[in-house]
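Structure first, then comments.
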Amino acid sequence: MGDAVAAPAGEHADPRCLGPGEGAELLAGTGWRRAVVLGDSTTDSAGMTVVPGWARAPWTDRVTDALRDAHPRFACLHPRGRRELPLSHVRSTQLGDALDFNGDLALLGCGGPELRAHSFDPDAMEFELSRILAALRGGNCQVVLVVSPFDLTKAGEVPAGQHAGLRARQRLLVERIEAVVLRHGCVHVDLAAHEGTSSADLWGARPGRLSSRGHAVAAAAVVRTLGRLLAP
């Protein structure tokens, strides 16, 4: 495994993170050879808070490194997005390059900017997500994974009085994403369902950014989902 994901022992002792060699084992025999990564800056390591014992590596790099361990010539395109990149901007600034890359696997991190926006329009979000998924599935992508955020009320940036409203907004977001991915034959990884009871350090010090532990937990959720897709 590459240096980007070489992790201290603390990470490997966390059952919600990948153990040594687990990613390569789960993805062994995969036929995917080219991946595209789309989304905002939660898909990279910029501004990441490092939790001692968890390596400083974004979940997307962890996932693609696991895929490279399974197939050394695996290729990936990852245009880095600015922090608040809603789906409309993902479509307008990243989708064209993703389609040109002709990947057979796509990872789309989304939902955070929509949830943090002053107002949330679920119909607009669903429309933009549907356009992106239709384009990817209409190309060469055999599998498209849509990854939505951990519980944003745990991020430390939201006043306690706004938690109930934000949770309701996030539940609606997840419901709409589930409907769109089902319609397009894609897969949804809802990170809020994977964070468990000890989730205070999944988010970093900067608003909207995951910590190194958050990225490790997210990567495990994605890789294990991909592994289940490959299971006989």
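The values are calculated or read from the model by the stated rules, or taken from the named source; none is laboratory data. Everything numeric in this text was worked out from a predicted model, so none of it was measured. Backbone-built Cβ (ideal geometry, glycine too); neighbour counts: all protein chains shown. Side chains included, ligands, DNA and RNA excluded: accessible areas come from the protein's heavy atoms. Shrake-Rupley method; radii C 1.70, N 1.55, O 1.52, S 1.80 Å.
For the chain, the 222 nm mean residue ellipticity estimated from helices alone, with every DSSP H stretch of n ≥ 4 adding -39500 (n - 2.57) and the total spread over all residues, rounds to -12500 deg cm²/dmol. At a probe radius of 1.4 angstrom, the accessible area of the chain per residue rounds to 42 square angstrom. Taking every C-alpha pair closer than 8 Å and separated by at least 6 residues, the mean separation divided by the residue count of the chain gives a relative contact order of 28 percent. Once the gyration tensor of the Cα atoms in the stretch 97-232 is diagonalised, the equivalent ellipsoid follows with semi-axes of 26, 18, 13 Å, ordered largest first.
Once C-alpha pairs closer than 8 Å and six or more residues apart are averaged by separation and normalised to the residue number of the stretch 94-232, the relative contact order reads 25 percent. Need one word for the stretch 45-156: rounded, prolate or oblate. Basis is the Cα gyration tensor (sqrt eigenvalues a ≥ b ≥ c); a/c below 1.5 gives rounded, then a/b vs b/c decides. Note, shape of the stretch 45-156 comes out oblate. Amide H contacts of residue 77 (H built 1.01 Å from N, in plane; Pro and chain starts excluded): 35, 36, 37 sit under 5 Å, all sequence-distant by 5 or more or on other chains. Split the accessible area of the chain by element, probe 1.4 Å, and carbon with sulfur accounts for 53%. With q set to 0.08, 0.11, 0.13 Å⁻¹, the log10 of I(q)/I(0) for the chain, from the Debye formula over equal scatterers at the Cα positions, is -0.26, -0.50, -0.72. Considering only 118, 145, 130, the residue lying farthest towards the positive end of the dipole of the stretch 101-150 is 145, judged by Cα position with unit charges set on Cβ.
Sorted on the mean count of surrounding Cβ atoms within 10 Å across their residues, most packed first, peptides 152-164, 66-78 read 66-78, 152-164. A straight line joining the Cα centroids of the stretch 120-155 and the stretch 170-232 runs 12 Å. Its residue count N fixes a reference of 2.2 N^0.38 Å for the stretch 115-163, and the Cα radius of gyration divided by that reference is 1.55.
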